[in-house]
Structures are given as structure tokens and as C-alpha cells.
Amino acid sequence: MLAMGIHINWALAQRFQGHVAQALSSLATYPGEPVSTLVLPALRAALDSPHRISIGTQPVDSRSKKIALVGALFVPVIIDLAGDLHEYDFSTQRVLLDIMYATFFKQSTRTVELGALGALQSLAQFVENTAAVPPGRASVERILEGSGENRLLAIGTLQLALGRVDKESLIRAIP
């Protein structure tokens, strides 16, 4: 709804963000459920959307209208998910890494800078940890292949973040 440009007021958008955060809190507990198959792709669309939303309760005729990309609502939610990346299966990891890539590419992480640095450190640990194998019932070859693909996407996200996040802050996150 937000990704398509349907306008809602700021208070309702914040309530919606809370519901999304609550839905994603069960992601590690119930992998493969509608949360990972419906909510995550919709969240990816919102983070990649070019549409904007008015921030706060401002009069319509205000000249200094503050607006942000729709996806800015969900940046703190995504940043929080990065710490638990090892707990998810291959496909959920892949979608989350894709969402993090879109987040660092399109959104500003300045308001959640400390959390963003923690997310980048988690990505660096994910890349560094060669013994970690995502849980699942697939064959060992598929698990190792998928793990390598996800690590490459995590490296790409870290490389992208090099140009988007303050370099002095980012030094601690590089593997």
C-alpha cells in the first residue's frame, strides 16, 4: 500500500510500522511462514519505493513540509533483523540480505547510525564465519552453495555501505 504511493497520515504510518515490526519478530521462530513469504517481499518493495510520506503533523499549506521516502519508516526494523542473520534458512537470509542491500542503497541510516553499524558488523561476521551453515533439510551441496551466494551478497552490501555510511564509523565493521 505504501510502496504504491497511497497516502496515509503519519500517526497511522507509525502504527503500521509497529505492526510490521511485531510480525517480523516471529521470523526466527516460524521460518517459511507467511511472514517470510509475504511480509518480507512487501517490505522490500516499500524500501525500494520512490514514493514519499509527510513526516509529523504539519499543516497542508506549510512551506517547510518535511517528507521522507516511504521506506524510511522501516529502516529501524530492518537494521534490527541483521543481528539474527545466522538463525534463518537460506531463502530467508537471501531476502533479508537483498532488503539490507536496498536499505543501504536507497535509505538514510543516519537516524539509526549505531544500529546500522551493528548491522554491518553482523554482516561482516556472517561473511567471516565460514563454518556457519544455514539450517534446513536440503543437501549439503545446496547448503554450501547457498551459503556462498549469501556471503557474496553480504560482501556486496558491505561494499555498498562503504560509500553510503560515514567512513570513520564503518572501519569497525569491515571483516
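The values are calculated or read from the model by the stated rules, or taken from the named source; none is laboratory data. Keep in mind the model is a prediction, meaning the values are calculated, not measured. Note that each Cβ is placed from the backbone with ideal geometry, even for glycine, and that neighbours are counted across all protein chains shown.
Can you confirm whether I174 is modelled with pLDDT under 85, β-branched (V, I, T) and within 23 Å of I79 (Cβ to Cβ)? When the stated conditions are applied, I174 passes them. In the condition set (1) modelled with pLDDT of 80 or more; (2) over 22 Å from G156 (Cα atoms), Q58 is compliant with all but (1). Just one of the listed residues (F126, F104, F90) is closer than 29 Å to A3 by Cβ, modelled with pLDDT under 85 and aromatic (F, W, Y), namely F90.
Can you tell me how many residues in the stretch 2-19 are on the phi > 0 side of the Ramachandran plot and either among the aliphatic types (A, V, I, L, M) or without any contact (Cβ under 8 Å) to a residue 40 or more places away in the chain (or both)?
Counting residues in the stretch 2-19 that are on the phi > 0 side of the Ramachandran plot and either among the aliphatic types (A, V, I, L, M) or without any contact (Cβ under 8 Å) to a residue 40 or more places away in the chain (or both) gives 0.
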